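Below is one structure, written out as structure tokens; the observations come after it.
The values are calculated or read from the model by the stated rules, or taken from the named source; none is laboratory data. From a predicted model like this one, the values you see are computed outputs, not experimental measurements. FYI the Cβ positions are ideal-geometry reconstructions off the backbone, even for glycines, and counts take in every protein chain you see. When the accessible area is computed, the model is the full protein with side chains, heavy atoms only, and any ligands, DNA or RNA have been set aside. Shrake-Rupley method; radii C 1.70, N 1.55, O 1.52, S 1.80 Å.
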Amino acid sequence: MIELSIQLLLYIIAILLGFCGVAMIYLIYQRKNEEKKNHEMEKYIQNTKILWQGYFLGDDQFTGTLIPKNKYQILAVEHIFLSYLRNISNPIIQQKIYTFAQMYLKEYYRNELKSRNWSRKMNAMYRVADFHIQELIGTCEVSIKHKHSIEVFQLLKIYSILEKEKFIQEILLCNYSFSESEYKKLFSYLEVEMLQRLMEKMENLQQAAQYALIDTIAVKGSMDVIEGLEDLLVSEDTEIRIRTLRGLERIGVIRNLETYIPFVNSSIWEEKLMVAKLFKYAPLTYTAEHLEKLLQDSNWWVRSQAANTIIEDPRGYQRLKEFIGTTNDQYAIDMANEVLEKRMRAV
């Protein structure tokens with residue numbers, strides 16, 4: 001019985017040693033392969049660095065030396081292209097990169113998209129977006145068989161960059177949910193006109209997409225979107241109203257003061273805070289009464305913002321002085337005095 005146990009133990013040890021040996025050989029092979037890749041990439045980069053600089057930044061003509069001859073050189077070209085795209089915003093350089101990729105990298109990425117290796121396929125999809133290889137969109141669509149959310153997101157990104165009409169259609173039908181930051185990334189590639197079209201069909205978007213859309217539109221800062229944003233102020237979704245007010249404040253324009261007066265009496269302090277910020281874009285003559293009401297609000301942030309909005313107006317200092325003499329709200333008086341003292345110290 002003991003002999004059998006010892007034999008079994010030795011057998012198990014032999015198997016484990018065999019596995020360790022195979023794993024070690026695999027790791028050594030991978031390391032050698034990585035070293036070879038890095039060596040070939042560095043060699044190509046060093047040999048062509050001056051040529052690429054001349055081609056991109058000067059008037060040098062394209063030379064065949066730049067055309068990659070193998071996978072490692074293609075990876076080196078990727079590295080060079082991504083470095084230029086991320087660090088230099090120049091439409092001429094960008095177009096040269098897109099043209100080169102279309103001519104000399106397209107077939108490589110086409111084969112990668114057909115690979116069974118998921119990481120290779122995804123890397124190819126990233127490069128299709130980065131290098132604007134429009135002819136490979138169809139191949140990208142075919143390559144997504146399991147509808148993994150990461151694949152779907154990357155395909156939507158490709159659409160948002162290269163096929164904007166298709167993006168509008170797909171995002172409205174998409175059953176996958178992404179984070180707000182991911183939606184913002186997708187929307188960032190769209191022009192204001194496209195964003196406005198999405199606003200008109202916001203109810204068909206995922207909730208996170210609705211919030212991201214409002215924020216993205218505000219970042220674009222176009223005057224053309226103000227009316228569309230104002231239409232959202234009647235939404236039943238509190239978060240949409242707050243984000244819309246924040247977006248309008250960021251754009252910095254009030255078209256019609258009456259649109260915002262109801263928020264002075266809101267039961268939600270964030271809405272009152274945002275409208276207090278917005279009132280700095282209207283003459284104090286029209287907003288003073290409402291700001292003074294907000295200055296007497298129970299929420300400290302609302303009182304503080306109302307006082308700071310008043311003091312920013314040329315007539316605000318005197319208005320706050322007069323307010324102190326007419327109110328019995330000690331919290332409002334303290335806030336007004338605090339803002340007045342800060343202004344005096346600043347002067």
- Item | Overall form of region 195-310 per C-alpha gyration tensor (a/c, 1.5; a/b vs b/c) | prolate
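Where does the chain land on the Kirkwood hydrodynamic radius, alpha-carbon pairs, in angstrom?
After inverting the mean inverse Cα-Cα distance, the result is 25.6 Å.
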- Excluding L245 itself, what net charge comes from residues whose Cβ is under 9 Å from its Cβ, given Lys and Arg +1 and Asp and Glu -1? +1
- Item | H148 accessible area, assembled protein chains, probe 1.4 Å, Å² | 80
- Message: Given an 8 Å cut-off on Cα distances and at least 6 residues of separation, report the relative contact order of the chain as a percent.
- Response: 7
- To the nearest 20 debye, region 93-239 has a Cα-centred charge dipole, built from +1 on Lys and Arg Cβ and -1 on Asp and Glu Cβ, of 1300
- Under 23 Å Cα to Cα from K277, which lysines show up? Leave out anything in the same chain fewer than 8 places away. K220, K293, K321, K342
- Query: Based on the alpha-carbon gyration tensor of region 96-241 and its eigenvalue square roots a ≥ b ≥ c, which shape applies: rounded if a/c is under 1.5, prolate if not and a/b is larger than b/c, or oblate?
  - Reply: prolate
- Item | Carbon plus sulfur fraction of accessible area for the chain, probe 1.4 Å, in percent | 53
- Message: Just to verify a number: FRET efficiency for K49 and S181, C-beta to C-beta distance, R0 = 41 Å, to 0.05?
- Response: 0.70
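Starting from the Cα-Cα distance between I88 and E135, subtract it from 0.36 nm times their residue separation and give me the gain in nm to one decimal. Walk me through the numbers before you get to the answer.
Working: separation 47, 0.36 × 47 = 16.92 nm, distance 2.52 nm.
Length gained, I88 through E135: 14.4 nm.
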- Note on the structure: Taking Cα pairs closer than 8 Å and at least 6 residues apart, the relative contact order of region 215-347 in percent is 16
- Pseudo-spin-label distance K321 to E289, built 7 Å along Cα→Cβ, given in nm, is 2.4
- Note on the structure: Descending packing, highest mean Cβ count within 10 Å first, for 86-94, 218-226 is 218-226, 86-94
- Item | Cα-Cα over 24 Å, subset of K43/K69; K96/K145; K49/K69; K71/K166 | K96/K145; K71/K166
- Note on the structure: For R343, R110, the accessible-area ranking with a 1.4 Å probe, largest leading, is R343, R110
- Query: What nm distance separates the two modelled labels at E236 and I67, each placed 7 Å from Cα along Cα→Cβ?
  - Reply: 6.3
- Would you calculate a helix-derived [θ] at 222 nm for the chain, using -39,500 (n - 2.57) for each DSSP H run of n ≥ 4 and dividing by the full residue count, to the nearest 500? -22500 deg cm²/dmol
- Task: Report the charge-dipole magnitude of the chain in Debye, nearest 20, computed about the Cα centre from +1 at each Lys and Arg Cβ and -1 at each Asp and Glu Cβ.
- Result: 1500
- Item | Computed over region 269-310: relative contact order in percent, which uses C-alpha pairs under 8 Å that are six or more apart | 49
